[in-house]
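J.: Please read through the structure below; I'll follow up with questions.
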Amino acid sequence: MVASAPNRQLEDLSKLDMNDRRYWVGFTLVKGIGAVRLQALLDYFGTAESAWSASPFDLVAAGLSPKLAERVLQVRNSVNLDEVISQAEKNGIRILTWEDAEYPAHLKEIDQPPPVLYLRGDLTAEDGWSVAVVGTRAVTSYGRQVTEELATVLAHNGVTVVSGLARGVDAVAHSAALKAGGRTLAVLGSGVDKIYPPEHRSLAEKIMSQGAVISDYAPGTPPESANFPPRNRIISGLSMAVVVVEAGDTSGALITAEFAVEQGRDVFAVPGQVYAPQSKGANRLIANGAKALLQPADVLEALDLTRNVERREIRRAVPSNATEAALLDFLNTEPKHVDDLRAQLELPIEKISAALTMMELKGMVRQVGGMNYVAVRDGQAEYKTDLI
């Protein structure tokens, strides 16, 4: 489906300054303002800041109901957005909007993607290859074994495991991916500072070191039951496919599978015993057209992920934004000082330094002393030294 978010060319993560970003955050605090209404406001006013400061009359003219326009004013008059942003920063919470290049590409493809994401941890380009592994909280020994094997194989093949941090299948999937040295993303039905269930706080901390904890709910939002079904669209939206390991007749994993179908994602289900309550939902998915997952390789082959490690190595050498591309074009066999790079590209030194640090981690450039850098090609630094 075509996303309702604006299709704008993104140059880098700094397109939105923090001043404008806070108004996006403000609208997430207004109950009833979602992707469609925020997009309408952006189309009408041009920026989130202009929409946030608009009069009730203008908000109604932009398409809001009088009641919703009044709700915007109530939040605007009662919330200090600077304090909200400051508190998020203190808690290590990052804020992404549609306008950010780091906003997950798969998620942006869905219908009505969340305008704002809050996360603790990091997203990487490799997370573009992700598979959701979800299922019942009352996982059986059979389901646990399948989940552990599946998540381990995915991690070993460079695939990020996405799930919901819930008890049962979700926790097993996250834990197995971490143990295998892979990346994993946990999508919450609460603010990212309100980990639920509470016994998974330690697991969440580990996930933040090898992935991210993500939510479209503002920090401080409690884990209310009504929050969990909607968050499932983010689990499927982040992923190339959804695998339901075990699921009862009313399992939330079935909601994730429904969202996946709507979003054009592949759905796999693990067949189970006919009379086992934990397998009724998964077996019904197969009867209705989901692909039966008989071995972990099934999902790798169906999504052509067997060559994923090779693809990741290739991607590591490819610039991920305009700044990296410009630096790579300018760097060659002769060492270039960071000040020369700044002057050549006419960019702030902080931005140049941050890009060079990331490129060095990717193996694209190398520092050869005294803040001088050279390009790296085919694993070797293009640096000629005078031996005389």
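Each value in this text was obtained by applying a stated rule to the coordinates, not by laboratory testing. Just so it is clear, the structure is predicted and the values come from calculations on it, not from any experiment. Here the Cβ positions follow ideal geometry from the backbone for every residue, glycine too, while neighbour counts run over all protein chains shown.
J.: Considering amide H positions built from the backbone, and no H for Pro or chain starts, which residues 5 or more places from THR160, or on another chain, come under 5 Å of its amide H?
T.: TRP129, SER130, VAL131
J.: So what are the ³J(HN,Hα) numbers for segment 56-66, from phi and the Karplus equation (6.51, -1.76, 1.60; θ = phi - 60°), rounded to whole Hz, Gly and Pro as x?
T.: Working through the residues one at a time gives x, 4, 5, 5, 5, 4, 7, x, 7, 6, x Hz.
J.: If you don't mind, there's one more thing I want to ask. Output the peptides 158-171, 361-374 sorted from most to least packed, where packing is the average of other Cβ atoms within 10 Å over each peptide's residues. Before the final figure, lay out the partial values.
T.: Working: 158-171: 25.9, 361-374: 16.1.
Going by the mean number of other Cβ atoms within 10 Å, highest first, we get 158-171, 361-374.
J.: With the crude spin-label approximation of a point 7 Å out along Cα→Cβ, what separation in nm comes out for VAL36 versus MET358?
T.: 3.4
J.: Another question, if that's okay. Hey, with R₀ at 30 Å, roughly what FRET efficiency would LEU294 and ASP249 work out to, going by the Cβ-Cβ distance, to 0.05? If you can, show how the numbers build up before the last one.
T.: Numbers: r = 23 Å, r/R0 = 0.76.
The formula returns an efficiency of 0.85 here.
J.: What chymotrypsin sites (Phe, Trp or Tyr not before Pro) does segment 243-310 have in DSSP loop regions with at most 15 other beta carbons within 10 Å?
T.: The qualifying sites are TYR275.
J.: Now a separate question. Show me, for segment 133-148, the HN-Hα J-couplings you get by feeding each phi into the Karplus relation (A = 6.51, B = -1.76, C = 1.60, θ = phi - 60°), rounded to Hz, glycine and proline as x.
T.: My calculation for segment 133-148 gives 10, 9, x, 5, 6, 8, 5, 8, 4, 5, x, 4, 4, 5, 4, 4 Hz in order.
J.: Which whole-Hz ³J(HN,Hα) couplings does segment 86-95 yield from phi under the Karplus relation 6.51 cos²θ - 1.76 cosθ + 1.60, θ = phi - 60°, glycine and proline marked x?
T.: Whole-Hz 3J(HN,Hα) from phi for segment 86-95: 4, 5, 4, 4, 4, 8, x, 9, 9, 10.
J.: Which order, highest average first, do 247-255, 115-123 follow once you tally other Cβ atoms within 10 Å for each residue and take the mean per peptide?
T.: 115-123, 247-255
J.: Sticking with this structure for a sec: Please list the non-local residues whose amide H lies under 5 Å from the amide H of VAL365, H modeled 1.01 Å from N, same-chain partners needing a gap of 5 or more.
T.: Placed amide hydrogens put GLU360, VAL376 under 5 Å from VAL365.
J.: A follow-up question, please. Mind listing the long-range amide H neighbours of VAL187? Cut-off is under 5 Å, sequence gap 5 or more, other chains count too, H placed in the peptide plane at 1.01 Å from N.
T.: SER163, GLY164, LEU165, ILE214
J.: How compact and how long is the chain, expressed as Rg and Dmax of its alpha-carbon atoms in Å?
T.: In Å, with Rg to one decimal and Dmax whole: 22.9, 80.
J.: Among DSSP beta bridges whose residues both lie in the chain, state the antiparallel percentage, nearest 5.
T.: Counting only bridges with both partners in the chain, antiparallel ones make up about 45 percent.
J.: Also: Please give the peptides 27-38, 86-97 ranked by average Cβ packing (other Cβ atoms within 10 Å per residue), highest first, as a rough proxy for protection.
T.: 27-38, 86-97
J.: Then there's this: Within 10 Å of each candidate Cβ there may be at most 16 other Cβ atoms; applying that plus a DSSP loop requirement, which GluC sites (Glu not before Pro) in segment 200-251 survive?
T.: GLU224
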